[in-house]
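What follows is a single structure, written as structure tokens, with notes after it.
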Amino acid sequence: MDSSFPTALTISALYSTGNRYAQVDLNTFNVLKVYGISVLTAILGNDFSINQHELAISSTPVNRQFGTILNEFDVPSCKIGYLPNIELITAVVQACRNQSLGVVVLDPVLFSDSGKPLLSEAAFSTYIKALLPLADVITVDVTEAESLVNFTILNDDDVIHAANELRGIGVQNVFIHGDLPGVKGEPARDYVLLANGDDFWLTDEGKAQKYTRSLSQFDALSACITAKLAQQVKVEMAIRSAKEFSSKLLVNPIHPAENVSSLNFWN
């Protein structure tokens, strides 16, 4: 491998309008001067709130994608995103355990835009028991964190408790992002708990928060962490850099089609 071309892997879905998931990851890698490679887990239309526009890719072609990637590349870091079923969760777990996928950044996709759970009960159980302990870094919003630790988050103490619960499951470094209940409209405050026990809060000072979900800021945030880790940046600095990077992408969003908004990677 030519070390002047760091490589990062995204394991996620192809999104037809290009403004979410694997395409956001690859755009992030590109602007950060990291060569992006991918293992696709599904093909999604522009509205998968009730799974009507989804084509999940079976484990056989997913495993073939892993084989192709690992035969050609050393992978210093990977991001795991959209995994629609237990078959693909199991395939990714096996790849993480049996192959060298480098530092693992887990960005769970657990709910549709309407709030409907995307995983079956069995798949969700496998996700927690088998996949979470393999994560070097996890990036979750409050709703996802609540689901993973099985209690309601109402305040800062609950956020800290949830992060410690995730560490107890086996996750090394935890990033919980987004608005807390009761403080909507205020700048988002994110909490980070590192593997060494250090922790800190990050504040996003009002960068067009209303666009956060639709423009996949957090896809870019976790992809930036992955890219920085591929460049041998330490975890804390990778997280701080990703927070700044993803916030800037919210400025001057672009509209490549009438009903499509996208992060602005040209800021």
| query | Looking at V75, is it touching a residue at least 60 places away in the same chain (Cβ under 8 Å), surrounded by fewer than 22 Cβ atoms within 10 Å (Cβ to Cβ) and closer than 15 Å to L9 by Cα? | reply | yes
| request: Output the residue which, of all residues in region 123-150 that are of a type in the set (S, T, N, Q) and either closer than 15 Å to I169 by Cα or free of Cβ contacts under 8 Å to residues at least 12 places away in the same chain (or both), is surrounded by the fewest Cβ atoms within 10 Å (Cβ to Cβ). | output: N150
| task | Considering every residue within region 128-145, establish whether at least one is at pLDDT 95 or above, farther than 26 Å from V233 by Cβ and not in a helix (DSSP H, G or I). | result | no
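For L154, indicate whether it is assigned to a loop (DSSP other than H, G, I, E, B), buried (at least 21 other Cβ atoms within 10 Å of the Cβ) and not small (G, A, S).
On the way: assigned to a loop (DSSP other than H, G, I, E, B): yes; buried (at least 21 other Cβ atoms within 10 Å of the Cβ): no; not small (G, A, S): yes.
Considered against the rule, which asks whether it is assigned to a loop (DSSP other than H, G, I, E, B), buried (at least 21 other Cβ atoms within 10 Å of the Cβ) and not small (G, A, S), L154 comes out as no.
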| request: Among the numbered conditions (1) among the aliphatic types (A, V, I, L, M); (2) in contact with a strand residue (DSSP E or B) (Cβ under 8 Å, 6 or more places away or on another chain); (3) surrounded by fewer than 20 Cβ atoms within 10 Å (Cβ to Cβ); (4) at pLDDT 95 or above, tell me where I86 comes up short. | output: (2)
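Mind listing whichever residues of region 167-187 are in a loop (DSSP other than H, G, I, E, B) and either modelled with pLDDT of 75 or more or within 18 Å of the chain's Cα centre (by Cα) (or both)?
Going through region 167-187, the residues in a loop (DSSP other than H, G, I, E, B) turn out to be 170-172, 178-187.
If the condition is that a residue be in a loop (DSSP other than H, G, I, E, B) and either modelled with pLDDT of 75 or more or within 18 Å of the chain's Cα centre (by Cα) (or both), then G170, V171, Q172, G178, D179 are the ones that fit.
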| remark: Over region 98-122, the set of residues among the hydrophobic types (A, V, I, L, M, F, W, C) and either within 15 Å of E144 (Cα to Cα) or surrounded by 19 or more Cβ atoms within 10 Å (Cβ to Cβ) (or both) is L101, V103, V104, V105, L106, V109, L110, F111, L118, L119
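Return the residues of region 46-82 that are charged (D, E, K, R), modelled with pLDDT of 95 or more and within 30 Å of K234 (Cβ to Cβ); say none if nothing qualifies.
K79
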| task | Scan region 63-89 residue by residue and report those that are within 25 Å of S125 (Cβ to Cβ) and hydrophobic (A, V, I, L, M, F, W, C). | result | F66, C78, I80, L83, I86, L88, I89
| For region 4-101, list the strands (runs of 3 or more DSSP E) that sit wholly inside it and hold at least 1 residues that are of a type in the set (F, W, Y); which are they? | 7-15, 35-44
| task | Pick out the one residue from S261, S222 that is touching a strand residue (DSSP E or B) at 6+ places or on another chain (Cβ under 7 Å), assigned to a strand (DSSP E or B) and among the hydroxyl-bearing types (S, T, Y). | result | S261
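The values are calculated or read from the model by the stated rules, or taken from the named source; none is laboratory data. Only a predicted model underlies this, so the values are computations on that prediction, with no experimental measurement involved. Don't worry about glycine lacking a Cβ; one is built from the backbone with ideal geometry, like all the others, and counts go over all protein chains shown.
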